[in-house]
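Student: This is the structure I want to talk about, given as structure tokens.
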Amino acid sequence: MEQWFDVTKRIEASALAAAQQAGLDTEVFTADVRPADPRFGDMQVNGALPYAKRHKTNPREIAQKLVAALESDEAVAAVAEISIAGPGFINFRFKPEFFLNWLKAFSSEEAFRKSASRLYANERVVVDYGSPNTAKQMHVGHIRSIVIGEAICRLLEYCGAEVTRDNHIGDWGTPYGKLFYAYNRHLDEKALKDDPLGELERLYKLGSNLAAEDETVLEECRQELVQLQAGEAESMALWKRVNELSIQGLKEVYDQLDVTYDHYLGESFYRDRVEAVYQELKDCGLSEESKGALVVFHPEHKRYAEQPFIIRKSDGASNYATTDLATMLYRHEHFRATRIIIVTDDRQKDHFEQLDLTTSKWFEKTGRNRPIFDHVMFGKINGDDGKPIKSRSGDPIRLKALINEAVDRAYTIVKKKNPNFPEDELRNIAQTVGVSSIKYADLSTNRTSDYVFSWEKLLAFDGNTASYQLYAATRIQSIFRKVDPSDLENLELKATVFETNEEIALARKIIEFVGAIQVTIETLRPHMLSTYLYELSGVFSTFISADKVIVDDPGKKARRLILCQRTLLALKAGLSLLGIKTLERM
Ligand code: ARG
């Protein structure tokens, strides 16, 4: 029998073939396949209703024609019963054998991965995430781009894409004048050694305060910047040093979060590449002078008719738009990217919309293939008061401190639950639980909404949290620790067909894994996967309380062990796509 990995896609294909066979207008017909209300079936085709509306006919009649055609399709008839509900919903109820065969075929992580990896094969994607400005600490707001971006990279790789992780650091520009001014006059060597990013941040703030108070300081800061931009040896050496320290400091945090970049091609990397951008945009007639600046208008867009994309400032300097245009070109030419994804907060929406518009026109006029571009944006992290979260002193909370606090808090909770675990293991669990909880809190909320940061909620063992999911995984592993090894031999041969409602509900949920991956990657919204995993853990929990696994009947025992194994597979794979490692026990 043919193996249906992706049930949704397979039903879609059958429904389309059925529509053709039934003589429907296939230009208009879309299957619209979704999970069904379990009372009526497992999957549902909803396309008869909108189709009938368009053609002003009876939806039930359309549904009947489709069902007749579907029933004559042997591959479909072999695995499902088809019925019509309400005004014309077509329900597929899979036979219990179908579920069992599906689960038998997907017996390992590799089997899942192999099938999924067909989805985005041949895609080369550059993902630009994290991307902080250098010479300062990362604060809590930076976490979103890192964890959302990393989840997207993992999902794309899982689906077969070749992914380049690029950290587009902000390592060039006006702040350096003020920083260098203060560095050259007020550096605290010891502080630089102990806490490089802290000291650089202090110096930058000092420089900008002094410049704000005193015109002559401001002028000296400008001179520092001029020297840097002219590439003077001393300035360049200092710049290099600051950058090395910055990247080193950033990497400490990335290590904690289990994120590794392929490149740190920041703004400075593109500073020699901006001339070509001016030239090309001028040559293809896209840019024009306006009030001394070089700009690109997009008059067809109401929003940007008045507000052009400024690509060179009136003082002749390049800006964020220029380096980003050069970045688009480089990613196209050097990485041969078929797709570019940039992950930042939603305040940069206009910038990236204009960047995309400008790049499309530019590439079209120059005969280049334009990569697909996605600006993946996200909202704010708020405190209890609904305002962006701050520390008690009013400063932003440092990301490093936040992670450490999460690990400390997790330690207290885990130690209380398991006072007898060895100290090493407790530390290790606390590290995983702490870091995962912060990541998961972010990934379980729709990225475009703001979310409220709460230690209690984030570290709780119930609700859609990392601890809940990690605990669900350890519970399944503990079942395997208790079974006799001989029970695990030849499970697939011994298993008998599912019977109870809980068995079938769980099988159905596991099969949805593929669809969950797909919508997550199509929408680039990791919370879709998180929601699925939460539901999976819930259905598993119902199953395990209703159906004993270690029973005398060998066929029943084997099929229930299969359910446990595949749940664990999906849970582990799904969590790891979200950047979360599972534990043996906790
Ligand atoms: N450095 C920017 C910031 O801190 C984000 C850069 C995002 N990437 C890009 N190619 N513009 O907001």
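Student: Looking at E502, E512, which is the one that is assigned to a helix (DSSP H, G or I), under 30 Å from F373 (Cα atoms), of a type outside the set (G, A, S) and open to solvent by 40 Å² or more (accessible area, probe 1.4 Å)? So that I can check it myself, show each step before the final result.
Tutor: Working: E502 fails: under 30 Å from F373 (Cα atoms).
Exactly one residue qualifies, and that residue is E512.
Student: Still on this structure: Quick test for you: out of K178, K104, K114, pick the one residue that is out of contact with any helix residue (DSSP H, G or I) (no Cβ under 8 Å at 6 or more places or on another chain) and in a helix (DSSP H, G or I). Steps first, please.
Tutor: Values: K178 fails: out of contact with any helix residue (DSSP H, G or I) (no Cβ under 8 Å at 6 or more places or on another chain); K104 fails: out of contact with any helix residue (DSSP H, G or I) (no Cβ under 8 Å at 6 or more places or on another chain).
Criteria check complete, one pass: K114.
Student: Can you name the residue in the range 528-572 that is surrounded by fewer than 21 Cβ atoms within 10 Å (Cβ to Cβ) and under 16 Å from the mean Cα position of the chain (by Cα) and, of all such residues, is farthest from L493 (Cα to Cα)?
Tutor: Applying the filter and picking the extreme gives M528.
Student: Please note which helices (runs of 4 or more DSSP H) are completely contained in the range 28-95 and include at least 1 residues that are free of Cβ contacts under 8 Å to residues at least 24 places away in the same chain, within 33 Å of the chain's Cα centre (by Cα) and more than 26 Å from I504 (Cα to Cα).
Tutor: On the way: elements: 48-55, 59-71, 74-79.
The qualifying helices (runs of 4 or more DSSP H) are 48-55.
Student: Continuing with the same structure: Is there any pair with a first residue in the range 351-377 that is within 18 Å of I311 (Cα to Cα) and a second that is in a loop (DSSP other than H, G, I, E, B) and of a type in the set (S, T, N, Q) whose Cβ atoms are under 8 Å apart and which are 6 or more apart or on different chains, and what are they?
Tutor: What qualifies is F363/N369.
Student: State all residues of the range 378-431 that are in contact (Cβ under 8 Å) with a residue 12 or more places away in the chain, β-branched (V, I, T) and assigned to a helix (DSSP H, G or I); if no residue qualifies, say none.
Tutor: Once the filter is applied, which keeps residues that are in contact (Cβ under 8 Å) with a residue 12 or more places away in the chain, β-branched (V, I, T) and assigned to a helix (DSSP H, G or I), the range 378-431 yields I403, V407, I413, V414, I429.
Student: How many residues are assigned to a helix (DSSP H, G or I) and either at pLDDT below 95 or surrounded by fewer than 16 Cβ atoms within 10 Å (Cβ to Cβ) (or both) when one looks only at the range 488-499? Reasoning before the result, please.
Tutor: Filtering the range 488-499 for residues assigned to a helix (DSSP H, G or I) gives 488, 491-494.
Imposing the further condition that a residue be either at pLDDT below 95 or surrounded by fewer than 16 Cβ atoms within 10 Å (Cβ to Cβ) (or both) reduces the set to 488, 492-493.
Going through the range 488-499 one residue at a time, the tally reaches 3.
Student: Here's a follow-up. Pairs only if they're at least six apart or on different chains, beta carbon under 6 angstrom, first in the range 314-337 and open to solvent by 10 Å² or more (accessible area, probe 1.4 Å), second assigned to a loop (DSSP other than H, G, I, E, B) and within 11 Å of the ligand (Cβ to nearest atom); list them, first residue then second.
Tutor: Going by the 6 Å Cβ cut-off, there are no qualifying pairs.
Student: Residue by residue through the range 573-586, note down the ones that are surrounded by 17 or more Cβ atoms within 10 Å (Cβ to Cβ) and modelled with pLDDT of 95 or more.
Tutor: Kept after step one, since they are surrounded by 17 or more Cβ atoms within 10 Å (Cβ to Cβ), are these residues of the range 573-586: 573-575, 577-580, 582-583, 586.
Within the range 573-586, A573, G574, L575, L577, L578, G579, I580, T582, L583 qualify.
Student: If you take the residues of the range 223-240 that are within 17 Å of S318 (Cα to Cα) and in a helix (DSSP H, G or I), which of them is least open to solvent (accessible area, probe 1.4 Å)?
Tutor: Going through the range 223-240, the residues within 17 Å of S318 (Cα to Cα) turn out to be 225-231.
Going one step further and asking which of them are in a helix (DSSP H, G or I), we end up with 225-229.
Working: L225: 26, V226: 80, Q227: 66, L228: 2, Q229: 108 Å².
Filtering first and then ranking leaves L228.
Student: Between I148, I169, which is surrounded by 23 or more Cβ atoms within 10 Å (Cβ to Cβ) and under 15 Å from the mean Cα position of the chain (by Cα)? First the steps, then the outcome.
Tutor: Details: I169 fails: under 15 Å from the mean Cα position of the chain (by Cα).
Answer to the selection: I148.
Student: Identify, please: which residue in the range 90-140 is of a type in the set (A, V, I, L, M) and within 16 Å of the ligand (Cβ to nearest atom) and is, among those, farthest from A18 (Cα to Cα)? It would help to see each step written out before you state the result.
Tutor: As a first pass, look at the range 90-140 and keep what is of a type in the set (A, V, I, L, M): 90, 100, 103, 105, 111, 116, 119, 121, 125-127, 135, 138, 140.
Those left that are additionally within 16 Å of the ligand (Cβ to nearest atom): 125-127, 135, 138, 140.
Working: V125: 36, V126: 39, V127: 40, A135: 61, M138: 55, V140: 53 Å.
If we take residues in the range 90-140 being of a type in the set (A, V, I, L, M) and within 16 Å of the ligand (Cβ to nearest atom), then A135 is farthest from A18 (Cα to Cα).
Student: Considering only residues of the range 117-142 that are in a loop (DSSP other than H, G, I, E, B) and among the small types (G, A, S), which is surrounded by the fewest Cβ atoms within 10 Å (Cβ to Cβ)? Walk me through it before giving the result.
Tutor: Just the residues of the range 117-142 that are in a loop (DSSP other than H, G, I, E, B), to begin with: 117-123, 129-132, 134-138.
Of the ones still in play, those that are also among the small types (G, A, S) are 117, 121, 130-131, 135.
Numbers: S117: 15, A121: 10, G130: 27, S131: 21, A135: 26.
That would be A121.
Student: Could I ask something else about it? So which residues in the range 281-303 are crowded, with 18+ Cβ neighbours inside 10 Å and touching a residue at least 24 places away in the same chain (Cβ under 8 Å)?
Tutor: Within the range 281-303, L281, L286, S287, V296, H298 qualify.
Student: Consider R273 against the criteria (1) open to solvent by 60 Å² or more (accessible area, probe 1.4 Å); (2) within 15 Å of the ligand (Cβ to nearest atom); (3) out of contact with any helix residue (DSSP H, G or I) (no Cβ under 7 Å at 6 or more places or on another chain): it satisfies all of them except one. Which criterion is unmet?
Tutor: Of (1) open to solvent by 60 Å² or more (accessible area, probe 1.4 Å); (2) within 15 Å of the ligand (Cβ to nearest atom); (3) out of contact with any helix residue (DSSP H, G or I) (no Cβ under 7 Å at 6 or more places or on another chain), only one is false for R273: (3).
Student: May I pose another question? Scanning the range 232-270 for residues that are touching a residue at least 60 places away in the same chain (Cβ under 8 Å) and among the small types (G, A, S), which turns out farthest from the ligand (Cβ to nearest atom)?
Tutor: Looking at the filtered set, the residue picked out is G249.
Student: Mind checking which residues of the range 157-175 are part of a loop (DSSP other than H, G, I, E, B) and more than 16 Å from the ligand (Cβ to nearest atom)?
Tutor: C159, G160, A161
Student: Restricting attention to the range 108-129, does a residue exist that is in contact with a Cys (Cβ under 6 Å, 6 or more places away or on another chain) and small (G, A, S)? Write out each step before concluding.
Tutor: To start, the set of residues in the range 108-129 that are in contact with a Cys (Cβ under 6 Å, 6 or more places away or on another chain) comprises 116, 119-120, 127.
Next cut, small (G, A, S) only: 116.
Yes.
The values are calculated or read from the model by the stated rules, or taken from the named source; none is laboratory data. The shown structure was predicted, so the numbers you read here are calculated from the model rather than taken from an experiment. All Cβ positions, even for glycine, are placed from backbone atoms using ideal geometry, and neighbour counts span all protein chains on display. To get the accessible areas, we keep the full protein, side chains included, count just its heavy atoms, and leave off ligands, DNA and RNA. Shrake-Rupley method; radii C 1.70, N 1.55, O 1.52, S 1.80 Å.
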